[in-house]
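> Quick one: structure below, then a few questions.
The values are calculated or read from the model by the stated rules, or taken from the named source; none is laboratory data. All of these numbers come straight from a predicted model, not from anything done at the bench. Note: ideal-geometry Cβ built from the backbone for every residue, glycine included; neighbour counts use all protein chains shown.
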Amino acid sequence: MSRPSSIARLPRDVRDKLHQFLADPAVTQIEAAELVNELLQQRGEADKQVSKSAVNRYAMRMEDVGKKLRESREVAEIWIGKLGNQPASEVGKLLNEVLRTLAFELTLPALEGDEDAKMTPKMINQLALAVQRLESAAGQNQKITAEAKRQAREEAAQAAETIAKRDGLSSESVQELRRAILGVQT
């Protein structure tokens, strides 16, 4: 496994200060690195100093994460607008797939050894529960969809049977028509 980055090794409060520096447009990345190093020096933790390039890589990674988050929000807004009139089962399928993709994207950096994406046992447990619930919901959606289709075929068969009897079809022909609609093999 790779060694944690100098940013990942920073104490949480110092990393939070780095985030503030990077979020301030008046502070350059070079200045942010210098300010963090000054803060570490004052705390007697000069051994944890960060390089300008480490701050740059971290800032670029955070910008990339922010960009992906903004894009996913935009996509979600578009889909929410489009799905307003869709059947609930289709929306459920889409949401299940979105959540599966999100779970994969969250775990991938940890699997690749990114120390910043380290997953605790609690996080793994929560992710496992979320995946289990997703799979359960997907199974329920399949059952609901299958039952709705079965009911629709039954109603169609009943309607066809009523019309066929009314129009004088033989009972053997009526039963054959019913089996064809229900998809029953003879």
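> Quick one: count up the residues across region 33-60 that are assigned to a helix (DSSP H, G or I) and either without any contact (Cβ under 8 Å) to a residue 12 or more places away in the chain or not assigned by TED's automatic domain parsing to the domain that holds S5 (or both).
Quick first cut of region 33-60, residues assigned to a helix (DSSP H, G or I) only: 33-42, 46-48, 52-60.
Still in the list and also either without any contact (Cβ under 8 Å) to a residue 12 or more places away in the chain or not assigned by TED's automatic domain parsing to the domain that holds S5 (or both): 34, 38, 41-42, 46-47, 53, 60.
Of the residues in that region, 8 qualify.
> Still on this structure, please answer the following. Going through region 33-68 one residue at a time, which ones are surrounded by 14 or more Cβ atoms within 10 Å (Cβ to Cβ) and among the β-branched types (V, I, T)?
Across region 33-68, the qualifying residues are V36, V50, V55.
> I'd like the residue in region 14-26 that is aliphatic (A, V, I, L, M) and loosely packed, with under 15 Cβ neighbours inside 10 Å and, out of all such residues, is farthest from V98 (Cα to Cα). Break it down into steps so the answer makes sense when it comes.
If we filter region 14-26 for residues that are aliphatic (A, V, I, L, M), which is where we start, we get 14, 18, 22-23, 26.
Adding the requirement that they be loosely packed, with under 15 Cβ neighbours inside 10 Å leaves 23, 26.
Working: A23: 29, A26: 37 Å.
Per the stated criteria, the residue is A26.
> Given the structure, is I163 without any contact (Cβ under 8 Å) to a residue 40 or more places away in the chain, part of a helix (DSSP H, G or I), closer than 20 Å to A103 by Cα and out of contact with any helix residue (DSSP H, G or I) (no Cβ under 7 Å at 6 or more places or on another chain)? Reasoning before the result, please.
Working: without any contact (Cβ under 8 Å) to a residue 40 or more places away in the chain: yes; part of a helix (DSSP H, G or I): yes; closer than 20 Å to A103 by Cα: no; out of contact with any helix residue (DSSP H, G or I) (no Cβ under 7 Å at 6 or more places or on another chain): yes.
When the stated conditions are applied, I163 does not pass them.
> What are the residues in region 1-26 that are of a type in the set (A, V, I, L, M, F, W, C) and farther than 15 Å from Y58 by Cα, if any? First the steps, then the outcome.
If we filter region 1-26 for residues that are of a type in the set (A, V, I, L, M, F, W, C), which is where we start, we get 1, 7-8, 10, 14, 18, 21-23, 26.
Selection gives M1, A26.
> Sticking with this structure for a sec: Over 24 Å from R3 (Cα atoms), in contact with a helix residue (DSSP H, G or I) (Cβ under 6 Å, 6 or more places away or on another chain) and either modelled with pLDDT of 70 or more or not β-branched (V, I, T) (or both): is that true of S72 in this structure? If you could, list the steps in order and put the result at the bottom.
Details: over 24 Å from R3 (Cα atoms): yes; in contact with a helix residue (DSSP H, G or I) (Cβ under 6 Å, 6 or more places away or on another chain): no; either modelled with pLDDT of 70 or more or not β-branched (V, I, T) (or both): yes.
Against the criterion (over 24 Å from R3 (Cα atoms), in contact with a helix residue (DSSP H, G or I) (Cβ under 6 Å, 6 or more places away or on another chain) and either modelled with pLDDT of 70 or more or not β-branched (V, I, T) (or both)), S72 does not qualify.
> While we're on this one: Report whether or not E63 is of a type in the set (D, E, K, R), within 30 Å of Q132 (Cβ to Cβ) and modelled with pLDDT of 70 or more. Steps first, answer last, please.
Numbers: of a type in the set (D, E, K, R): yes; within 30 Å of Q132 (Cβ to Cβ): no; modelled with pLDDT of 70 or more: yes.
No; evaluated as a whole, the condition is false for this residue.
> I would also like to ask the following. So is I30 without any contact (Cβ under 8 Å) to a residue 60 or more places away in the chain, assigned to a helix (DSSP H, G or I) and surrounded by fewer than 11 Cβ atoms within 10 Å (Cβ to Cβ) or not? Before you say what the answer is, go through the steps one by one.
Details: without any contact (Cβ under 8 Å) to a residue 60 or more places away in the chain: yes; assigned to a helix (DSSP H, G or I): yes; surrounded by fewer than 11 Cβ atoms within 10 Å (Cβ to Cβ): no.
Answer is no for this residue.
> Would you mind telling me which numbered condition in (1) in a helix (DSSP H, G or I); (2) touching a helix residue (DSSP H, G or I) at 6+ places or on another chain (Cβ under 9 Å); (3) modelled with pLDDT of 75 or more E90 fails?
With (1) in a helix (DSSP H, G or I); (2) touching a helix residue (DSSP H, G or I) at 6+ places or on another chain (Cβ under 9 Å); (3) modelled with pLDDT of 75 or more applied to E90, the lone miss is (3).
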